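A.B. asks: Input: one structure, supplied below.
The values are calculated or read from the model by the stated rules, or taken from the named source; none is laboratory data. Predicted, not measured: the structure shown is a model, and the values here were computed from it. Ideal geometry is used to build each Cβ from the backbone, glycine not excepted, and the neighbour counts take in all protein chains shown. Just the protein is used for accessible areas: all its heavy atoms, side chains included, with ligands, DNA and RNA removed. Shrake-Rupley method; radii C 1.70, N 1.55, O 1.52, S 1.80 Å.
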Amino acid sequence: MSFPKYNQTNSQERLGVNAVAETMARAGQIWRETPMADVGIDGQIEYVSPEGFATGRMIAVQIKSGPSFFKERNGDWVFYPEEKHRFYWERFPLPVLIIIHNPETNLSYWQDARQVIRVAKPSAGKGITIPKNNVLQTTSAQTLFEGFAVIDQNFMTVGEVLDYLIRTKSSNASFPVSYFNLFCSGLTNICRSLYFGMDVAMTVAEIGLMNQSSPIGVGVGDSEHNFLFDYIKFIVHQHIADLDFSDCMIDWYDRDMQPSFIAPLTSRGRDLVRLIHDLENTFKAESKIEDTGHLHAAQEGFVQLLFTPSEIQRIGLITKVENAYLQGLNTDA
């Protein structure tokens, strides 16, 4: 007579899941295991702020445990997902962490698989590099939630957001830009959406220098670019606009350029617009600023795609591709 044999693979998997659960508990984060068939997601982590508030910001997690998952490439670990999982993770609405766990050392290593897959070049191969210094047990929650622009900052009231926008200014005299000016100047779509691009920042700086009758031109360096990227993180972290920050990370980290976007305002963002209107009306009623009629600080602007001479030429190329395709259809028929 023989007994049912226990598959040791199950033990390996549980050790990995338990390690993630324990690490999140120690970090004060919420771990929710997926109690159903594995489709490439084993659970979710919800971000808990330093003040202890559950924020509703979640990342998905796939856990692989055991020595067979620890393959090396160029000094780091590399994980080879199935093609169906690559396809699934790339389109997933949340960042997806792939975590590999070593039961012998009780250490886990992580990588934002969705982000890696989204920026991967065709020549990069199918493997996902997991840096050896990405040790889950020593990683802060803010780092894990970078795809949500989580920063070490309290969640503010709308009034506090307005105060912060007004008070936060570039320290560079040749770049007179405040977060308040960036926000108001970027409003579009009857003030229900927010636009940001380097053109907004440069225009705000140029007009600021002109209003100051400054003899110097606009100066932009690394500190000014970091200042602008911090503005985007603030907008996302404070949930002012519904923005996919992971797309901004692609521009910032992989293309070395300032992101641009049009994102719908959240209810908090729309409340902020109304608060700015009320503040302006109060100042006008108290004669602290002049009555400007139909001109308001928080007012929509219009966004238009810029067509350079080469872009205009490209329209002709697009038409040629279109016509060649249609001719091919007629030939096949």
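Here is a yes/no grid of residues against (1) over 27 Å from Gln299 (Cα atoms); (2) in contact with a Lys or Arg (Cβ under 9 Å, 6 or more places away or on another chain); (3) exposed (fewer than 14 other Cβ atoms within 10 Å of the Cβ):
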| position | (1), (2), (3) |
| --- | --- |
| Ser140 | yes, no, yes |
| Leu162 | no, no, no |
| Phe180 | no, yes, no |
| Ser185 | no, no, no |
| Asp230 | no, no, no |
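A.B. asks: In addition: Is region 206-216 home to any residue that is touching a helix residue (DSSP H, G or I) at 6+ places or on another chain (Cβ under 9 Å) and under 28 Å from Pro95 (Cα atoms)?
C.D. replies: The answer is no; no qualifying residue exists.
A.B. asks: Which members of region 142-155 meet the condition of being open to solvent by 30 Å² or more (accessible area, probe 1.4 Å) and closer than 25 Å to Asp247 by Cβ?
C.D. replies: Gln142, Thr143, Glu146, Phe148, Ile151, Asp152, Gln153, Phe155
A.B. asks: With Gly28, Gly56 as the choices, which residue is within 30 Å of Gln238 (Cβ to Cβ) and without any contact (Cβ under 8 Å) to a residue 40 or more places away in the chain?
C.D. replies: Gly56
A.B. asks: Right, here's the next one. Can you name the residue in region 282-333 that is in contact (Cβ under 8 Å) with a residue 12 or more places away in the chain and not aliphatic (A, V, I, L, M) and, of all such residues, is least open to solvent (accessible area, probe 1.4 Å)?
C.D. replies: Across region 282-333, the extreme among qualifying residues is Gly301.
A.B. asks: Inside region 192-257, counting only helices (runs of 4 or more DSSP H) that do not spill past its ends, which hold 1 or more residues that are closer than 30 Å to Gln111 by Cα and free of Cβ contacts under 8 Å to residues at least 12 places away in the same chain?
C.D. replies: In region 192-257, the matching helices (runs of 4 or more DSSP H) lie at 222-237.
A.B. asks: Sort out which residues of region 38-53 are free of Cβ contacts under 8 Å to residues at least 40 places away in the same chain, more than 18 Å from Ala113 (Cβ to Cβ) and surrounded by 12 or more Cβ atoms within 10 Å (Cβ to Cβ), and write them in order of number.
C.D. replies: If the condition is that a residue be free of Cβ contacts under 8 Å to residues at least 40 places away in the same chain, more than 18 Å from Ala113 (Cβ to Cβ) and surrounded by 12 or more Cβ atoms within 10 Å (Cβ to Cβ), then Glu46 is the only one that fits.
A.B. asks: Then there is this: Name the residues in region 100-113 that are outside any strand (DSSP E or B) and open to solvent by 30 Å² or more (accessible area, probe 1.4 Å), would you?
C.D. replies: Answer for region 100-113, where residues must be outside any strand (DSSP E or B) and open to solvent by 30 Å² or more (accessible area, probe 1.4 Å): Pro103, Glu104, Thr105, Asn106.
A.B. asks: Turning to a different aspect of this structure: Which one of the conditions (1) within 17 Å of Gln111 (Cβ to Cβ); (2) open to solvent by 70 Å² or more (accessible area, probe 1.4 Å); (3) modelled with pLDDT under 85 does Pro35 fail to meet, given that it meets all the rest?
C.D. replies: Pro35 satisfies every listed condition except (1).
A.B. asks: Oh, and also: Residue check, Ile30 against (1) modelled with pLDDT under 95; (2) surrounded by fewer than 19 Cβ atoms within 10 Å (Cβ to Cβ); (3) not hydroxyl-bearing (Ser, Thr, Tyr), all met but one. Which one?
C.D. replies: The failed condition is (1).
A.B. asks: Kindly indicate which of Ile207, Ile190 is at positive phi, open to solvent by 40 Å² or more (accessible area, probe 1.4 Å) and not polar (S, T, N, Q).
C.D. replies: Ile190
A.B. asks: Here's something else I'd like to know. Considering only residues that are over 20 Å from the mean Cα position of the chain (by Cα) and part of a helix (DSSP H, G or I), look in region 123-158 and name the one that is farthest from Ile98 (Cα to Cα).
C.D. replies: Val158
A.B. asks: Related question: Suppose we keep only residues that are closer than 17 Å to Val17 by Cβ and either without any contact (Cβ under 8 Å) to a residue 40 or more places away in the chain or among the basic types (Lys, Arg) (or both) within region 68-99. Which one would you say is least open to solvent (accessible area, probe 1.4 Å)?
C.D. replies: Per the criteria, the residue is Ile98.
A.B. asks: Considering only residues of region 268-301 that are among the charged types (D, E, K, R) and closer than 30 Å to Leu243 by Cβ, which is nearest to the chain's Cα centre (by Cα)?
C.D. replies: Arg268
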